[in-house]
Amino acid sequence: MSEREHEVLTAAAEAALRAPSIFNTQPWQWRVDANTLELYADYDRQLTTTDPYGRFLLLSCGASLHHARVALAAAGWRVVVDRFPDPRDADLLARIRLAEPAVSAAEDLAMSAAIRARRTDRRPFAEQPVSDALLRDLVAAAQREGAQLYDVRPNQMPMLAVAVASAQATQRSGGAYRSELLRWTNRPQWSADGVPQKTGVTHVARRVPVRDFVSAPNQGMTVEPGGDLGARYLIVHGPGDEPKDWLRAGEAVSSVLLTAVSLGLGVAPISDVIEVEHPRALVRGLLPGSGQPYLIVRCGHCVDATPIDDAPRREATEAIRGPRP
Ligand SMILES: Cc1cc2nc3c(=O)[nH]c(=O)nc-3n(C[C@H](O)[C@H](O)[C@H](O)COP(=O)(O)O)c2cc1C
């Protein structure tokens, strides 16, 4: 491997660390090897109460995989991706091989810029609606990664709001969930993970309630009630419910998030409603046909241009390994 190729692969793994993940657990480990990047699941970072089956862990890893692919496309490389390449090693989720140099398109550069710009924005979005033209681009972004995107209809919004509120009430009533949430919203600085309370928002009446990451008073961003009127709630879905489907769903989620940001929209994932069985069935019932809901993306025009604090990320030295000895 030339020094240049090694640099490109390392830079792509570093970009992949910027991916969103459930509770900012960053449940991945990257390895830069001769001419390849390998993505491993890190099950020590699984949320055993919130995510007992590891669905959202795999989804988070899928988002990281997509970020790496975006970075490599922007760096001018065509790649070959093998998902679950080794049947004897279920933790090895993907292997990316540099195939040949290619000319990066303007969209690749815009998606790569969106990796740095994207934050989960839990503040309410504006009344200005997300246009049908923007929606079409987001639908295409999901389809490019093998998933579907369903725009929840206005007459279905009350059901979505009830389903989310019900999931949140179920989770809050469980001591194990509350401890897990508390642990991941009060991380020591050195661990460089978890959801900082300053990236959460104060509890106000919303079209659909957001997950409450704020446990201490005066910690989250103060927001006004009644927002989100122009927001779209987009269900990422597909037919399967296997590990390979969750990994691909994560790639689709990343594609939707980065496309939305590149189009100037704010974004926030919603997964609590999918984590709890009954609310998940309610969301499934909103879909046309018989798809499995993977995650919901709330997107809209931002009201407040104030930048959101960065959620921390682990150092590359911890999350990226070198070649096998
Ligand atoms: C699978 C998955 C599920 C998530 N679920 C939620 C959620 O229910 N509510 C929420 O506010 N953020 C959710 N997030 C966003 C993460 O909390 C966020 O990515 C993480 O804290 C890092 O912050 P950043 O996205 O600003 O980089 C989710 C992200 C992923 C990938």
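The values are calculated or read from the model by the stated rules, or taken from the named source; none is laboratory data. Worth saying up front: this structure is predicted, and the values here are computed from it rather than measured. Quick reminder, even Gly has a Cβ in these numbers, built from the backbone with ideal geometry, and neighbours come from all protein chains shown. We work out accessible area using only protein heavy atoms, side chains counted, and drop any ligands, DNA or RNA first. Shrake-Rupley method; radii C 1.70, N 1.55, O 1.52, S 1.80 Å.
Observations on the structure shown:
- Axis angle, to the nearest 10 degrees, between helix 132-144 and the longest C-alpha principal axis of the chain: 40 degrees.
- P(r) tail for region 47-199: Cα pairs beyond 28 Å make up 41% of the total.
- Other residues lying with their Cβ under 15 Å from the Cβ of ILE115 contribute a combined charge of +1, Lys and Arg counting +1, Asp and Glu -1.
- Stretching the chain fully between ALA205 and VAL80 yields a gain of 40.4 nm (0.36 nm per residue, less the alpha carbon separation).
- Taking each residue as 0.36 nm, the span from VAL103 to SER290 lengthens on full extension beyond its C-alpha to C-alpha distance by 63.4 nm.
- For the chain, the share of alpha carbon pairs falling in successive 10 Å distance bins from zero is 6, 27, 37, 23, 7, 1 percent.
- Amide H contacts of ASP121 (H built 1.01 Å from N, under 5 Å, at least 5 apart or other chain): VAL267, ALA268
- Placed amide H near ASP42: partners under 5 Å, 5+ positions off or other chain: TRP28, GLN29
- Value of relative contact order over the chain, rounded to a whole percent, pairs C-alpha under 8 Å and six or more apart: 25
- The calculated pair-distance distribution of region 260-323 uses every alpha carbon pair, bins of 10 angstrom beginning at 0, and gives 16, 28, 29, 23, 4 percent.
- THR50 accessible area, assembled protein chains, probe 1.4 Å, Å²: 10
- When both bridge partners sit in the chain, DSSP labels roughly 90% of those beta bridges antiparallel.
- Cleavage-rule hits (trypsin sites (Lys or Arg not before Pro)) in region 9-78: DSSP loop, at most 14 neighbouring Cβ within 10 angstrom: none
- Distance-filtered residues of region 308-325 - backbone nitrogen under 17 Å, label point 7 angstrom along TYR43 Cα→Cβ: none
- A Cβ-based charge dipole, computed about the Cα centre of the chain with Lys and Arg at +1 and Asp and Glu at -1, lands at about 440 debye.
- Tilt relative to the chain, helix 175-184 - C-alpha long axis, 0 to 90 degrees, to 10: 50
- In terms of its alpha-carbon gyration tensor, region 141-280 comes out rounded; the largest-to-smallest axis ratio a/c stays below the 1.5 threshold.
- Solvent-accessible surface (1.4 Å probe) assigned to LEU286 amounts to roughly 20 Å².
- When CYS61, CYS302 are compared by accessible area at a 1.4 angstrom probe, the order from most to least is CYS302, CYS61.
- Selection from VAL80, LEU98, PRO307, by position along the positive dipole direction of the chain (Cβ): PRO307
- Of all accessible heavy-atom area on region 35-119, the percent that carbon and sulfur account for (1.4 Å): 49
- Under the criterion of Cα pairs below 8 Å and six or more residues apart, the relative contact order for region 47-192 equals 18 percent.
- Taking each residue as 0.36 nm, the span from HIS278 to ARG153 lengthens on full extension beyond its C-alpha to C-alpha distance by 43.0 nm.
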